[in-house]
Amino acid sequence: MNNNLQETEELLAELSAKLPDTDADVIVAPTFVNLQAAKQALQDSKIQVAAQNMHFAENGAYTGEISADMLLSLDVDVVILGHSERRAYFGENDELLAKKVKTAIEKGLKVIFCFGEELEDRKSDNHFAVVESQLKNALFDLDASAWNKIVLAYEPVWAIGTGETASPEQAQEMHAFIRKTIADGFNSSIAEDVSILYGGSVKPANAAEIFSKPDVDGGLIGGASLKAEDFSDIIKAI
């Protein structure tokens, strides 16, 4: 919940001007009310636009919610689901997220699916079990063909704004585990092909080291994406 219309337009103009020459997919996810303006601002850019969330229902009496068709009508075909803040502040659980993912895939959207353990899970050495459960409960009822519409984003919630720090080695360890979990549940081809982003306070100072790990395919960027120069430096790092 950052940036009004003018701030969004200014940030995107600056980011477009600073965007390095890259083959990486660069996606921004502004607030719902600025999606159309973002699409307009980026119409001549390689930068894609995603929504931060969506409802599982096609339409109906869900005041304040946004449907897949509403996003598609704006030519927005990427959506973030399961973000740690949606889980923590709005009570989104695996059952709800499974319904959202199913709707998004059926409508042809690409899903950036977020998941990750809390600090108490990490301290109790339960982090692998939590992550495995989140993946299986929300994604393992999908057909194998759906995985070409899935991007995974691992968020170690304990390493975001807590003073605790996740090392690149810890990121790699979990990403490798995620890939093995998918290989066991589906097949090794899907596991190798799926992009797994790291979302644990990526900054220009640590991006290159994190992205150098073999199972880290990119980043889900929070605060650093609000500064065009920082975001551009992170894009350069990949």
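Computed from the coordinates by the stated procedures, all read-outs in this text should not be read as laboratory data. Quick caveat, the model's predicted, so the values are computed rather than measured. Here the Cβ positions follow ideal geometry from the backbone for every residue, glycine too, while neighbour counts run over all protein chains shown.
Each residue of region 53-63 is assigned a 3J(HN,Hα), and the resulting list reads 5, 6, 8, 7, 7, 6, 6, x, 7, 10, 3 Hz, derived from the Karplus form 6.51 cos²θ - 1.76 cosθ + 1.60 (θ = phi - 60°), x at Gly and Pro. For residue 53, the amide hydrogen comes within under 5 Å of the amide hydrogens of 80, counting only partners 5 or more places away or on other chains and with H modelled in the peptide plane. Residues 31, 162, 63 in ascending order of nearby Cβ atoms (within 10 Å, fewest first): 63, 162, 31. Over the chain, Cα pairs under 8 Å with separation of 6+ residues give a relative contact order of 17 percent. Could you tally the net charge around residue 235, taking each other residue with its Cβ under 15 Å from the Cβ of residue 235, Lys/Arg +1 and Asp/Glu -1? Once positives and negatives cancel, what remains is -3.
With q set to 0.08, 0.11, 0.13 Å⁻¹, the log10 of I(q)/I(0) for the chain, from the Debye formula over equal scatterers at the Cα positions, is -0.28, -0.55, -0.79.
By the Cα gyration tensor, region 98-212 has an equivalent ellipsoid whose semi-axes, rounded to whole angstrom, run 24, 15, 14 from largest to smallest.
Could you state, as a whole-number percent, how many of the C-alpha pairs of region 1-89 are farther apart than 23 Å? Before the final figure, lay out the partial values.
Working: 1045 of 3916 pairs.
Looking at region 1-89, the distances longer than 23 Å represent 27 percent of pairs.
The string of couplings for region 34-40 from the Karplus curve (6.51, -1.76, 1.60, θ = phi - 60°) is 10, 4, 5, 5, 5, 4, 5 Hz, one whole number per residue in order, with x for Gly and Pro.
Using the Cβ of residue 83 as centre and a radius below 11 Å, the other residues enclosed give a net charge of -1, where K and R count +1 and D and E count -1.
In region 101-140, what chymotrypsin sites (Phe, Trp or Tyr not before Pro) fall in a loop by DSSP, with at most 14 other Cβ atoms inside 10 Å? In loop regions of region 101-140 (DSSP not H, G, I, E or B), the sparsely surrounded chymotrypsin sites (Phe, Trp or Tyr not before Pro) are 140.
How do 117, 58 rank when sorted from fewest to most other Cβ atoms within 10 Å of their own Cβ? Mind showing how you got there, number by number?
Numbers: 117 25, 58 11.
Least to most surrounded, the residues fall as 58, 117.
Of the peptides 34-47, 195-208, the order by per-residue mean of other Cβ atoms within 10 Å, starting with the highest, comes out as 195-208, 34-47.
If you take every residue apart from residue 46 with its C-beta less than 10 Å away from the C-beta of residue 46, what net charge results, scoring Lys and Arg +1 and Asp and Glu -1?
Values: positive: none; negative: 21, 23, 25, 44.
Taking every Cβ under 10 Å from that of residue 46, the sum is -4.
A straight line joining the Cα centroids of region 77-123 and region 194-238 runs 20 Å.
Just how large is the dipole of the chain about the Cα centre, in debye to the nearest 20, putting +1 at every Lys and Arg Cβ and -1 at every Asp and Glu Cβ? Can you show the working numbers first?
On the way: 20 positive and 39 negative charges, 38 e Å.
Computed charge dipole of the chain: roughly 180 debye.
Note on 70, 174, 1: ascending count of other Cβ atoms within 10 Å places them as 1, 70, 174, the fewest first.
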